[in-house]
Structure formats: C-alpha cells, structure tokens
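Data block below; observations after.
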Amino acid sequence: MKNFKNKKVLIFGLGLHGGGVAVAKWLAKQGARVSVVDQKSKLELQPSIDKLKNYKIKYFLEQDPDKTFLDYDFIIQNPGVPKEHPFLKIAKQKGIKLYNEAGLFIDLVGTDIIGITGSKGKSTTTSLLGSIFSLANKKTLVGGNIKINPMFSFIDKVKRDVPVVIELSSWHLENFPIIKQSPQMAIITNILPEHLNRYKNYSEYIQAKESILKYQKKSDICVLNYDNEKCQGIAKRAKSNIYWFSIKGLPNKNISGCFVKNNKIIFRQNKKEEILFDKKIIKLLGDHNLSNVLAATLAAKLENIPIKYIKKAISKFQGLENRMEFIRKVKGIEYWNDTTATAPVAAIAGIKTFDKKVILVAGGSDKNLPLQDLAKVIKNRAKYCLLFSGEGSARLLKLLDKNKYPQKNLRINIENMAELMYELKKILKSGDIVLLSPGFASFSTFANEFDRGDQFVKAVRKL
C-alpha cells in the first residue's frame with residue numbers, strides 16, 4: 001500500500017452516502033493530513049461530519065476549491081463532482097494525482113477483484129453474487145456503490161484468499177483511465193440510456209461504462225449481456241475472455257455462457273452444456289431480475305463456486321430493499337417499492353413485472369432521458385398514474401396527453417408522501433397493486449431515491 005503518512009490529501013466533496021466518510025477516515029488513520037472541501041453547508045453535511053469527529057480533519061465548506069488548494073499531494077474526487085470541474089483540470093495540469101473512491105481502492109489493493117456495473121441491476125447482481133461467494137467463503141467482502149458497504153470500510157481486510165465483489169457506478173469508472181486498471185473479472189449487466197444530465201451524450205456514458213474492461217489483460221474475464229445491444233458493441237473491443245448471459249438463449253454453440261432453455265438454467269463452455277438448476281427456484285420477479293440471476297450464476301461458475309452454494313443462495317435471495325420490494329398487503333391491496341427505478345427503462349421493467357394493470361406512482365426530476373416508451377407503457381398498463389412534481393413529470397405529462405391517457409386517471413404535482421397517500425386513498429380498491437417505480441430522479445421532492453423509498457415504506461407500514 002502507498003505511504004500516506006504526512007501526505008496532504010484533499011477530499012473534494014464529502015457527500016452523505018458514506019463513501020467519502022470511509023475514505024477520509026481511512027486516510028486519517030494512515031497519518032495523512034486530510035482536508036475536505038464541499039459546496040454544502042455544515043448543517044447539510046452534519047451526519048457525515050459527526051462520523052469523523054474523532055479525526056483531525058480540516059473543513060472548507062460552502063465553497064469550491066480554487067488555486068489556493070493546489071498544494072496537495074492527492075485529490076480524492078467524490079463521485080458527485082463532475083470530471084469536467086475546472087479545478088480538477090487545473091490540478092491535473094499541475095501533476096496532482098487524482099483519484100476517486102474506486103480508483104484509489106484498486107490502485108491500493110490491485111485488480112484481483114470482481115467488479116460489477118450496468119445501468120440497471122448492478123446492486124442486485126452484486127448482492128446475489130456476494131451471497132453466493134459468502135456461502136463458499138465466509139471472508140468474502142461485498143461493497144462499493146451507494147447503500148452497500150463503502151470500499152474503504154473493509155479495505156484493510158483485503159487479502160489474497162479473500163474474494164472481493166464490488167459494485168461500480170459509471171462515476172466510479174471515470175477514474176479507471178487515470179489509473180489504467182480494470183478488475184480481473186468485469187461484469188456489465190446492461191447499458192441503457194441513463195445519467196444524460198451528467199454526460200454530454202449517450203456515447204460518453206457508454207465510454208465510462210466500458211472502462212470496467214478496457215484495461216483488462218488477455219487472461220482476464222468479462223461477463224456481458226447477450227440481450228443488450230450496447231454490450232454486443234463493447235465486446236468487439238474487449239481484450240479479455242468474453243462470456244455471455246441471456247434470458248433468450250445463446251444461439252451459437254461456440255458462444256460460452258449462461259442462458260435459459262426449457263425453464264432450465266444452462267451453463268455452456270467449450271461447446272459442452274450443463275443443466276445447473278430449474279428456473280422455478282428463483283424468487284425474484286421479472287425478466288430483468290432473471291437476467292441479474294444469470295449474470296451472478298455465470299460469474300460464480302467461472303470462479304469455480306460449487307453449484308450447491310449457487311442454488312442455495314439463489315433460492316433464498318429475496319432481493320434488495322428499494323428494488324421491486326414487496327412491502328405489505330392491506331385490505332387486499334399490494335404495495336411495492338421500486339424507488340431505485342430512476343430511469344424510464346427501469347420503470348418500464350417494473351411495470352411489466354405484473355400481469356395486470358398497476359396504480360403507478362412516478363415522476364420527479366428530469367435526467368434528459370427518452371420518455372416515449374414509458375408513456376406508451378403507462379397508457380397500456382397503468383390503471384391510474386400519480387406523479388410527483390418535477391420537470392421530468394411535466395415532460396412526461398405532455399407525452400401522456402399525446403398518447404391520450406385519460407385525464408381522470410391522473411393525479412399530478414404531488415409534493416410529499418402525505419399528499420400521495422391521501423390521493424391513493426380516494427382511488428384504491430381491493431385487488432389493486434400500488435407500484436412506486438418513478439422513472440426519474442427524486443431531487444425535486446426528496447433528498448434522494450432512498451429517502452423517497454424510505455418515506456413510502458413508512459407511510460405504507462402506518463396504514
């Protein structure tokens with residue numbers, strides 16, 4: 001590991017999700033002289049600051065860094081800070097080493113890890129794969145992205161005999177071209193239009209995702225979604241060994257991977273096929289989750305995990321909170337929380353999970369993503385549509401009007417969870433399914449998507 005003792009380290013953006021706190025804490029323990037600069041106020045960052053109260057850290061709050069911050073040895077960029085930030089460009093020109101949480105982690109521990117990314121499904125796949133590995137090796141470390149253990153909360157436990165499974169966002173991956181490293185096994189669940197409010201265009205977003213395998217060696221492995229067009233494109237540039245997963249089947253016997261055939265999960269390698277288990281043991285709903293199961297199963301097989309552990313983990317795995325999470329049934333009405341569906345494609349997948357019309361709770365902040373398909377699905381599969389306020393909702397409303405969605409089935413400009421529950425109460429009947437699957441970010445009404453989900457769950461629990 002690098003020697004950080006007495007090194008001046010600037011953390012640009014502390015954040016509230018735990019990653020910045022874990023990095024700051026670990027660096028302070030190494031003897032680094034840590035400073036934090038953040039646009040947020042002390043009041044906003046208080047939960048994070050409280051976790052660092054036992055460490056000697058300087059804070060520069062409610063400001064952006066300027067040229068006076070150029071005397072640091074390292075800069076750790078929070079994923080929320082865009083890579084185009086003028087200060088980062090100046091720092092790079094000055095030769096200051098730039099890291100984010102994931103880049104620093106891999107630079108310190110090496111690439112002998114399993115990294116998982118994707119527009120949707122990465123958290124579920126990471127957690128399921130972590131569960132499989134944990135049955136085979138209790139020392140397994142699982143973490144990475146928001147709502148999962150931050151990487152620097154367990155970095156000191158990383159050893160040669162300890163499997164490491166980490167979830168990587170596109171923002172994490174932006175650092176890989178700087179460190180020029182990729183995980184030994186890279187998994188991409190899918191690539192779909194996402195975060196176009198952050199990236200110049202879709203191509204730049206895809207480029208960020210591709211970094212997970214761009215620096216792999218020929219002996220490394222990448223696991224890709226055969227059903228996803230963009231994954232097919234990325235595969236043409238991969239240097240490592242490619243394995244595919246598909247819910248539709250792998251048509252060519254030369255293609256190695258994991259797929260579904262006659263309701264059985266099949267593993268194929270070197271043209272030889274092996275039946276692994278029956279599809280019915282999978283508890284998760286929806287084709288998108290079946291795809292996640294295939295990705296995790298394939299990765300586990302390639303890492304020589306015995307099938308008994310794979311089957312046991314899959315048969316017990318009920319999914320994650322906030323992702324197609326069944327909350328409860330009240331007076332014959334089912335309530336489902338899919339708050340992490342922050343893009344239209346994710347909301348569409350959530351709605352299509354059910355074989356009957358749902359009462360959809362959606363809307364929020366815009367991310368400049370295509371909405372035409374979502375509007376069509378709402379027209380055909382939503383009995384009622386209740387929309388939180390936000391510029392994304394306003395754009396969706398125009399398309400719903402074009403698709404002649406009945407005005408009487410709309411409830412719009414909902415400002416908080418209490419108002420939502422009030423509106424629901426007026427329309428619900430026994431047998432209904434209430435699905436929170438927003439299709440948008442949450443910042444117009446909530447702190448983040450997890451706050452939105454937590455408030456929804458609490459409100460339903462009170463019914």
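The values are calculated or read from the model by the stated rules, or taken from the named source; none is laboratory data. Please read these numbers as outputs of a predicted model, since none were measured by experiment. Cβ placement follows ideal geometry from the backbone for every residue including glycine, while neighbour counts extend to all protein chains displayed.
Checking Asn263, Asn225, Asn241, Asn252 one by one, the residue that is in contact with a Cys (Cβ under 9 Å, 6 or more places away or on another chain) and either without any contact (Cβ under 8 Å) to a residue 60 or more places away in the chain or under 26 Å from Val23 (Cβ atoms) (or both) is Asn241 and no other. Residues that are small (Gly, Ala, Ser), in a loop (DSSP other than H, G, I, E, B) and in contact (Cβ under 8 Å) with a residue 60 or more places away in the chain do not occur anywhere in segment 91-108. Within the bounds of segment 112-119, is there any residue that is assigned to a helix (DSSP H, G or I) and outside the structural domain of Thr340 (by TED's automatic domain parsing)? For segment 112-119, residues assigned to a helix (DSSP H, G or I) and outside the structural domain of Thr340 (by TED's automatic domain parsing): absent. The set of residues in segment 208-235 being farther than 13 Å from Ser182 by Cα and of a type outside the set (Gly, Ala, Ser) consists of Val223, Leu224, Asn225, Tyr226, Asp227, Asn228, Glu229, Lys230, Cys231, Gln232, Ile234. For segment 453-460, the criterion of being surrounded by fewer than 20 Cβ atoms within 10 Å (Cβ to Cβ), part of a loop (DSSP other than H, G, I, E, B) and at negative phi is met by none of the residues. Looking at segment 295-409, the helices (runs of 4 or more DSSP H) lying wholly inside it that each contain 2 or more residues that are under 21 Å from Ile282 (Cα atoms) and under 23 Å from the mean Cα position of the chain (by Cα) sit at 307-316, 344-352.
Among the candidates Tyr226, Tyr215, Tyr243, Tyr202, which residue alone is surrounded by 17 or more Cβ atoms within 10 Å (Cβ to Cβ), among the aromatic types (Phe, Trp, Tyr) and out of contact with any helix residue (DSSP H, G or I) (no Cβ under 8 Å at 6 or more places or on another chain)? Can you show your working first?
Working: Tyr226 fails: out of contact with any helix residue (DSSP H, G or I) (no Cβ under 8 Å at 6 or more places or on another chain); Tyr215 fails: out of contact with any helix residue (DSSP H, G or I) (no Cβ under 8 Å at 6 or more places or on another chain); Tyr243 fails: out of contact with any helix residue (DSSP H, G or I) (no Cβ under 8 Å at 6 or more places or on another chain).
Checking each option against the conditions leaves just Tyr202.
Taken together, the residues in segment 3-21 that are at negative phi, surrounded by fewer than 22 Cβ atoms within 10 Å (Cβ to Cβ) and touching a strand residue (DSSP E or B) at 6+ places or on another chain (Cβ under 9 Å) amount to 3. For segment 250-294, a residue qualifies if it is among the β-branched types (Val, Ile, Thr) and either assigned to a loop (DSSP other than H, G, I, E, B) or modelled with pLDDT under 95 (or both), and the qualifying residues are Ile255, Ile282. For segment 157-178, how many residues meet the condition of being in contact with a Phe, Trp or Tyr (Cβ under 8 Å, 6 or more places away or on another chain) and either under 15 Å from Gly19 (Cα atoms) or crowded, with 19+ Cβ neighbours inside 10 Å (or both)? Adding up the residues that qualify gives 6. For segment 183-203, which residues satisfy the criterion of being modelled with pLDDT of 90 or more and either assigned to a strand (DSSP E or B) or under 18 Å from the mean Cα position of the chain (by Cα) (or both)? Residues satisfying the conditions are Pro183, Met185, Ala186, Ile187, Ile188, Thr189, Asn190, Ile191, Leu192, Tyr202. Restricting segment 410-434 to residues that are in contact with a strand residue (DSSP E or B) (Cβ under 8 Å, 6 or more places away or on another chain) and part of a helix (DSSP H, G or I), the residue that is farthest from Ser365 (Cα to Cα) is Ile427. Among the residues of segment 155-177, those identified as closer than 25 Å to Glu210 by Cα and acidic (Asp, Glu) are Glu167, Glu174.
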